[in-house]
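Engineer: What follows is a structure written as structure tokens; I'll ask about it next.
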Amino acid sequence: MNKKVQHMAKKTTSKKPSSLNTMSMAELQAELQRRERGVRKLERRRERLLGELAQVDTELASVGALSASGGIRRRPRNEMNLVDSLATVLNGKTMSVTDVTAEVQKAGYLTTAANFRTIVNQALIREKKVFKKISRGQYTAK
């Protein structure tokens, strides 16, 4: 619990009598007024936080991080991982990184990455057992 919530919890519990049966009508009315003030304060805080959340949603949407339904965009699911998809596309062919990036997407690999070509390049470099570098920027499957 953060300090503000702890402070509010102490505030509300420290003034409560142990039993409502022993309170006078004036004390009951004072307690109700105190609680109503607390509710109004929490409602104002809720509205402020909802406003902040709306601003964050707007910022996320402006950078494309929200889906059409307003939720956070999830990574798409593919039948094969990237390395297997690249190996399938490169089987028996030599291609540039740009060409293999386009072909793997044309073959159905889904991605939301803005820098997908860089990701493909890193996969081709990293997976030396699967891919062979023919010349600068040219790869084939082993």
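Engineer: If amide hydrogens are placed 1.01 Å from N in the peptide plane, which non-local residues have theirs closer than 5 Å to the one on F131?
Structural biologist: K142
Engineer: Would you mind counting up the charge near N121? Only other residues with Cβ under 13 Å from its Cβ, with Lys and Arg at +1 and Asp and Glu at -1. Before the final figure, lay out each step's value.
Structural biologist: Numbers: positive: R117, R126, K133, R136; negative: D99, E127.
Result for the neighbourhood of N121: +2.
Engineer: Ratio of Rg to Rh for the range 82-141, alpha carbon only, Kirkwood?
Structural biologist: 0.91
Engineer: Using the Karplus curve 6.51 cos²θ - 1.76 cosθ + 1.60 with θ = phi - 60°, what ³J(HN,Hα) values do you get for each residue of the range 39-53, in whole Hz, with x for Gly and Pro?
Structural biologist: Values per residue, Gly and Pro as x: 5, 4, 5, 5, 5, 4, 5, 4, 4, 5, 5, 5, x, 5, 4 Hz.
Each value in this text was obtained by applying a stated rule to the coordinates, not by laboratory testing. The structure displayed is predicted, hence computed values, not measured ones. Every residue, glycine among them, receives a Cβ derived from its backbone with ideal geometry; neighbour counts consider all protein chains shown.
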